[in-house]
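What follows is a set of notes on a single structure, which appears directly below.
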Amino acid sequence: MAGENRAIGVLLQTLQDLAPEDFLQFKNKLSYISYKERRNIPKNSLKKASHAYTLVNCMKEHYGEDIAMQIATGVFEEMNQRDLANKIQDEKVKEYKQKYRAHVIREFLQYKEVNACLGENLTVSNRYTNLTIVTKAQTKREGEQETIDVSQRHADTGNEQANTAVTMARLFQSDEGQAPQTVVLVGAAGMGKTMTMRKIMVEWAEGVLYAQFDYVFYLNCKEISPTKEVSMADLISKCCPHRSTPIEKILDSQKKVLFIIDGLDYLRFSLLQPEDDLSSDPREEKPLETTLISLFKKIVLPESSLLITTRPTALQNLGRCLKGECYAEILGFSAAASEEYFHRFFDTDNKADTAFRFVKGNKILFTMCFVPIMSWTVCTILEQELYKKKNLTASSKTTTRMYVFYLSRLLKCRAGDSKQELQQFLCKLCCLAADGMWMHKVLFEEKEIKERGLDHPDLLSLFLNENILKKGMDHGNVYSFIHLHLQEFFAAMFYVLEDREETVGNSGTHVKDIKMLLENYSKSRKDLMLTVSFLFGLVNGKSIEYMDQRIGCRLSPKFKEAMLRSVQTRPRGISPPGEGTVKIKELAIFHCLFEIYEEDFVKRALNCFTGIDLHDVKLTRYDQMALSFCIKQWNGLESVTFKGCSFEQQVYKEELVTGSAPGLYWERQLVEEQQSPISLLCQALRNTSSEVKTLRLHWCGLTEGCCKDLARLLATHPSLDQLELGDNKLGDSSVQLLCEGLRQPTCRLRALRLWYFCLTSACCEDLATVLSTSQHLMELDLSCNDELRDAGVQLLCEGLQHPACRLQTLRLGSCHLTGTCCADLAAMLFVNQSLTCLDLSDNELGGAGVQQLCQLLKHPACRLQTVG
């Protein structure tokens, strides 16, 4: 290597510069000096080495380069040539630093991910995504508010936290004077602590980070063996790849040494040790706990720096043996960082965009993706779905299934725990979560944790945070679930997790009373909505099987019938007179049924209802997936109404398939369908076995693309009787698209209502064509389109005069009509044999126009019965 050549080159130059007598003295001492029982260089060989170059080669061949350099240093010291010895030693140390940095890059740059294929390695540089790290401690009240408002924190860390956010580079900097020597980086399980340490190691070795340190040593607490005695020198040597580690130089320059202690919570010993047992000698071998505590307390290597990572549950004991420490907390990904992670995970931007939009459409899932391990879980599942189907809207992976997979990932590292022990712990944890939900409680005192038997440090730290509180403002430690949604998940699990009586604990009046849970949610406790939704997902057969086989937890499906009845007896919406439908007016019901994802259960639950009636709801893509799934299983659905609802649109970029021209054309059609906000709804209505008669989409912000979907629905769903699209302001081109569906022979629509649709006379020619050909359209409502005007009426009358026209009701109120149109209307009414109702209200027809129409009403050929 270049560094090695430089070091040998320094030795060569040093020998060349020696006076002849000094050179002979150097050779003479080599003839009797020994190194670790190695034989001396034969005198004959030394005698032949009459020049510096041949002597250096002789030393290399006999000892090897590393030992040759050490021996040369020792010889110069014996010759009292300390300046030459230091010169060689300094070059050797410089060379070693380069070797060590190269070793660090080899060790930490690449890593193997869980579920990776054989030989598939990832690099930290390509996968690592910046995390939000803050240095702010909290009061108990602030901690409670942050736990409740964690979804907002995910979207925006907030002004206060933004002011205290730090980067990795600033962990050892201070705005208030002296930089800290000890930094404790706190984070819940799966929050990215170890990956962050890998990133620090790589960037230090590359010269990007922490230039103030000559050495950074990484100690993984999961891998340290506590069985034998070690010294600090031993721990340093284990981090180094070469036998020639300059331990003395490292120990002498301790100010330039950083120790990373990763995963302190994995250590299985007490951090409280008698002071007399501690050692200040870095070469003295002591039990592992004694050596590390000596380091933490700055008894040994007091000028070195420490970076310690731990879960929050180890903080209390750690704080007792640290001095002058600074605490920082990993909060996880910001919303922007979550999106960046998706792009780093997937091999193409198209897949990353598709997956991220899918997750963003599911608020519950999206807010949990601030936890890096949850982002990894979601990406892993969606990658498999994209590989199989490429269309995530057809995925059966519900939010509950994602959480179950996340739970199994968390517990994978706890394979040593018995199933019985794990089941008992989870029962107690779920009981805590359920009680907290009933009492609106997100923070739990340490005393309560112990009373419930949850003080199992290894398992507790997987699910609960120990909050960092400001000193002097609160007493004792408080705990919270990593995320409020995780508490809601475990609260649901409480009701279905099989347990023994002794593990239930004290849960007041709510012990396994699922009927009470459902009744309270139905009547007043809407905050329990997500808990109830998770409950439905957990009794899914596949979830029960997965929990049993992968996690070792048994879930009971015995409450399924009670849950079915709770849906069937939900409050029903009141139908308009004459419609006779029993409507569901809560979006949450569809989410519960989607989470259980069992077709037979969903069919039985919806059998009592005949309609959907949702008002003023922002429908995410996940909401639409839930609705679509239920509509497809709903045999008795007759009426679908959305008023003031918005449909989140997904720009779906599907790659075109190769093949014949028809195949490519169909793929393009699929792309266009995905771009429509109501594509999922229309697809579900086309694929349902029910005969939906009425579809109302009032004030729903529809786009022109929606009308393509609706036209296709009209052509393929002959039972559709009424279509109301009022107050959507779409315009003439959208009507043109609708007319393509209306002209299809399979269309049986009887009523089309397009009030407040921003129509002009330009659309009336297409409508007239439909009127002259449709055998089923009986009502056309074009009210409140004030640009329709007289010219539009003239075109409509051409279609109304056609003998095939069957229209019975025409509404043209508030269309900015004048008396000019009355002549066209009168001529049409004279020949039209079907129109019985004509609404011309709120128009300036004038006296002459009204008189003209009144005279026509008296004519025996006129069939009109009502004029408004």
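The values are calculated or read from the model by the stated rules, or taken from the named source; none is laboratory data. Since the model is a prediction, treat every value here as computed from it, not as a measurement. With ideal geometry, Cβ positions are generated from the backbone for all residues, glycine too; neighbour counts draw on all protein chains shown.
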Tell me yes or no: at least one residue of the stretch 384-405 is in contact with a Phe, Trp or Tyr (Cβ under 7 Å, 6 or more places away or on another chain), of a type in the set (Val, Ile, Thr) and part of a loop (DSSP other than H, G, I, E, B).
yes
Regarding the stretch 228-245, can at least one residue be identified that is closer than 25 Å to Ala188 by Cβ and of a type outside the set (Ser, Thr, Tyr)?
no
Those residues of the stretch 40-60 which are in a helix (DSSP H, G or I) and modelled with pLDDT of 80 or more, in sequence order
Leu46, Ala52, Tyr53, Thr54, Leu55, Val56, Asn57, Cys58, Met59, Lys60
Out of all the residues in the stretch 257-299, which are under 27 Å from Pro312 (Cβ atoms), in contact (Cβ under 8 Å) with a residue 24 or more places away in the chain, of a type in the set (A, V, I, L, M, F, W, C) and out of contact with any Pro (no Cβ under 8 Å at 6 or more places or on another chain)?
Leu258, Phe259, Ile260, Ile261, Leu264, Leu271, Leu272, Leu292, Ile293, Leu295, Phe296
The stretch 240-335: helices (runs of 4 or more DSSP H) wholly inside it with 1 or more residues that are crowded, with 18+ Cβ neighbours inside 10 Å, at pLDDT below 80 and not charged (D, E, K, R) are 315-319
Output for the stretch 67-112, where each listed residue is within 19 Å of Ile200 (Cβ to Cβ) and acidic (Asp, Glu):
Glu107
For the stretch 365-385, what are the residues that are surrounded by fewer than 20 Cβ atoms within 10 Å (Cβ to Cβ) and either assigned by TED's automatic domain parsing to the domain that holds Leu462 or within 25 Å of Leu627 (Cβ to Cβ) (or both)?
Ile381, Gln384, Glu385
Please work out which residue is surrounded by the fewest Cβ atoms within 10 Å (Cβ to Cβ), limiting yourself to the stretch 578-626 and to residues that are among the β-branched types (Val, Ile, Thr) and over 18 Å from Thr694 (Cα atoms).
Val617
Among the residues of the stretch 340-347, are any out of contact with any helix residue (DSSP H, G or I) (no Cβ under 7 Å at 6 or more places or on another chain) and closer than 25 Å to Arg198 by Cβ?
yes
Conditions: (1) at pLDDT below 90; (2) buried (at least 16 other Cβ atoms within 10 Å of the Cβ); (3) outside the structural domain of His485 (by TED's automatic domain parsing). Gly552 meets all but one. Number of the miss?
(3)
How about the stretch 672-712: which of its residues are of a type in the set (A, V, I, L, M, F, W, C) and at positive phi?
Trp699
Filter the stretch 618-636 for residues that are assigned to a loop (DSSP other than H, G, I, E, B) and at pLDDT 95 or above and give the result.
Trp634
Single match in Lys87, Lys99, Lys92, Lys60 (criterion: surrounded by 15 or more Cβ atoms within 10 Å (Cβ to Cβ), farther than 27 Å from Phe217 by Cβ and of a type outside the set (A, V, I, L, M, F, W, C)):
Lys60
I need the full set of residues from the stretch 549-568 which are touching a residue at least 12 places away in the same chain (Cβ under 8 Å) and assigned to a loop (DSSP other than H, G, I, E, B), in order please.
Gly552, Cys553, Arg554, Ser556, Pro557, Phe559
When (1) over 19 Å from Thr641 (Cα atoms); (2) outside any loop (DSSP other than H, G, I, E, B); (3) more than 43 Å from the chain's Cα centre (by Cα) are applied to Leu780, the one that fails is (1)
Residues of the stretch 225-239 being in a loop (DSSP other than H, G, I, E, B) and either under 30 Å from the mean Cα position of the chain (by Cα) or buried (at least 18 other Cβ atoms within 10 Å of the Cβ) (or both), which ones?
Ser231
